[in-house]
Amino acid sequence: MLIYTGGTIGMNRNPLTGALEPFDFEHLRSCVPELEQIPVEIATRQFQHPIDSSDMTPALWTQLAHLICDNYDAFDGFVVLHGTDTMAYTASALSFMLQNLTKPVILTGSQLPIGQLRTDGKENLITSIEIASARHADGRAMVPEVCIYFNCHLMRGNRTTKQSAEEFNAFESFNYPHLADAGVQITYHPEFILQPDYDQPMVPFFRLDSNVIIFSLFPGVREDLIRHIIATPNLRSIVMRTFGSGNAPQSPWLLNALKQGTAAGKVIINISQCMQGAVEMSRYDTGFQLKEAGVISGRNGTVEAAVTKLMVLQGKYDDNEQVRVAMQQSLCGEVTL
């Protein structure tokens, strides 16, 4: 099943304004006649109103997850066409919403509309369909997990971050190897691919709780603003982006504010501002003090994975202590323990 949500890949340029606007799926099909040569049956669905991915919401993630679940038994794999700006968030969310996934869900898109001469959309789309339909000799899917395919690389969705707004190589999974690389042949790396329990069903989670916020530390960060954020009513969790390997200023007010937040039941996750590497809160005293304040290490996970994981867990558990425990586990390969 090919699902079109919107994004640059299906856009058309307005002849009056020159701006890119969402078009319909038939335009996309007409631009890729090669789809007829792929030896698989392709059914198509699309959002009623295709969106720019900057308008993506948890409600639309739920809609997308329902669309996959409702058609799960009828198809061997799913390809989701999506705008690049929030693709890593959607891939991460789906990985947590579709637990014990036994079929591929491949997100892809493009940096240039598929109707333009130099578009990267054709290769991304065609190879994504090939990967979504690839199977082992025993009939099981080659890649039974949520992935992003872009510019010849297949990456675990919840390990992936958009790294460039200009290059075709728009995404990278900095802390986890590629699951496959496409050249003349598609080379799979099975040692890095998740293996589900085929004796158990796929378990969907549709309820999301978005009472979570992200803030980044920086030199000169103000006490009143941080305290205001931590004390926000109904806020259940915070993703705090720290320096290097998980370090923060040793200001007494910051540590006290964090202690007050965790004592009040808020879940605070420590994610590095660095693209590559892991949070190691016992490495330096500054990180150790965060640990003492009740802050949880986000290890080598991405911001996108931390935020969406919190949303899913908060939708699943009313008790924040259960959320804290689950955040320290790897649910579907999102962190290295």
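Tabulated results
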item: Computed FRET value (nearest 0.05) for L331 with D70, which takes r as the C-beta separation and R₀ as 25 Å; result: 0.65
item: Amide N proximity, region 98-113 versus T17 label position 7 Å along Cα-to-Cβ, cut-off under 18 Å; result: 113
item: Karplus-derived HN-Hα couplings along region 239-255 (A = 6.51, B = -1.76, C = 1.60, θ = phi - 60°), whole Hz, x at Gly and Pro; result: 9, 9, 8, 10, 8, x, 8, x, 9, 9, x, 8, 5, x, 5, 5, 5
item: Chain lengthening between I214 and D55 when straightened (0.36 nm per residue, less Cα-Cα); result: 55.4 nm
item: Solvent-accessible heavy-atom area per residue, rounded to whole Å², over the chain at 1.4 Å; result: 45 Å²
item: For q = 0.06, 0.12, 0.14 Å⁻¹, Debye-computed log10 I/I(0) when each Cα of the chain counts as one equal scatterer; result: -0.22, -0.85, -1.09
item: Extended-chain gain in nm, criterion 0.36 nm per residue less alpha-carbon gap, V203 and E223; result: 3.0 nm
item: Of K266/K316; K103/K266; K122/K309; K103/K291; K162/K309, pairs whose Cα-Cα distance is over 26 Å; result: K103/K266; K122/K309; K103/K291
item: Span from the region 274-337 Cα centroid across to the region 210-265 one, whole angstrom; result: 14 Å
item: With eigenvalues of the C-alpha gyration tensor scaled by 5 and rooted, region 71-124, Å; result: 25, 14, 7
item: Full-extension gain in nm, R135 to K291, via 0.36 nm per residue minus C-alpha separation; result: 51.7 nm
item: Local electrostatic count at G315 - Lys and Arg +1, Asp and Glu -1, tallied over other residues with Cβ under 14 Å; result: +1
item: Cα gyration tensor, region 176-220 - rounded (a/c under 1.5), prolate or oblate; result: oblate
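The values are calculated or read from the model by the stated rules, or taken from the named source; none is laboratory data. Computed from a prediction, not measured in an experiment: that's the story for all the values here. FYI the Cβ positions are ideal-geometry reconstructions off the backbone, even for glycines, and counts take in every protein chain you see. What goes into the accessible areas is simple: the full protein's heavy atoms, side chains included, and nothing from ligands, DNA or RNA. Shrake-Rupley method; radii C 1.70, N 1.55, O 1.52, S 1.80 Å.
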